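The values are calculated or read from the model by the stated rules, or taken from the named source; none is laboratory data. What you see is a predicted model; the values in this text were computed from it and never measured. The accessibility values were calculated without ligands, DNA or RNA, using every heavy atom of the protein model including side chains. Shrake-Rupley method; radii C 1.70, N 1.55, O 1.52, S 1.80 Å.
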Amino acid sequence: MAKKLTAVYPGSFDPITFGHLDIITRACQLCDRIIVAILVNPHKSPLFSINERLEQIRHATRHLPQVEVDSFSGLTVTYARMQNANLLIRGLRVISDFEMELQMAHTNKTLAPEIQTLFLATSNEYSFLSSSVVKEIARFGGPIDHLVPAEVAIALSQKFAAHSNPALCP
Ligand code: ADP
C-alpha cells in the first residue's frame, strides 16, 4: 500500500494570496492531507491577527477537502512531527527565495531527517506576488482583486481605511 503523504505548508500568510492558493491547490494533487500552518512569529508585526488569517485561509480553501488550517509557534519540524507529517511544502518564486529556502531545508533536515522539504515552483503569473506586494498596493488604494480572494481584498481595504482614519479603529 502506498504511503500516506501528510504535508505541512508553513508561512505567515499575512494575508493569503493567489500565489499561496496556487501552491496549496497543486500540493493537493500530490498529498493526502495538507495542513496550512500559520507560524506565530513574535519578531513580525502582522497586519492581520492569527484569527483573521485562520478565517481567511479556511474560507479560501473550503473547496479543498484535504486541507486543514492551523497555527503554531516554535520550530516547524516539531509541529510537523506532532502532526505526523512527512513533508514540508515551500514555494519558490525567485533566486533570492532559493538561497533562504535551501538553507532552511538543510537546517530542518538536520533536525528531522525523516521529514522532506518539497519545493513547488511558482506559476508564471504569480512569480511577482507576495503578501507584502499586495499590502503595498492596497495601502494606496490600488487594484488587488486579481491577487487575493475577494474576502481578503475587502478585509484589506477595511484595514487600511481604519488605519487612515483612527476614529474607525475599534
Ligand atoms: P514567509 O514564510 O516568508 O513569511 P509567506 O507566508 O508569504 O512567506 O509564504 C509561505 C511560503 O509560500 C513560502 O515558501 C513562499 O516562498 C511561498 N510563496 C509565497 N508567495 C508565493 C507565490 N506567489 N508563488 C509561490 N510561492 C509563494
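The long axis of helix 95-111 is offset from the longest Cα principal axis of the chain by roughly 50 degrees.
Pairwise alpha-carbon distances in the chain exceed 22 Å for 45% of all pairs.
For the chain, the solvent-accessible area works out to 56 Å² per residue, with a probe of 1.4 Å and every protein chain left in place.
The portion of the accessible surface of the chain made up by carbon and sulfur, rounded to a whole percent, is 58 (1.4 Å probe; DNA, RNA and ligands excluded).
Considering all C-alpha pairs of segment 58-133, those separated by over 21 Å amount to 40%.
Cα centroid separation, segment 135-149 to segment 46-86: 23 Å.
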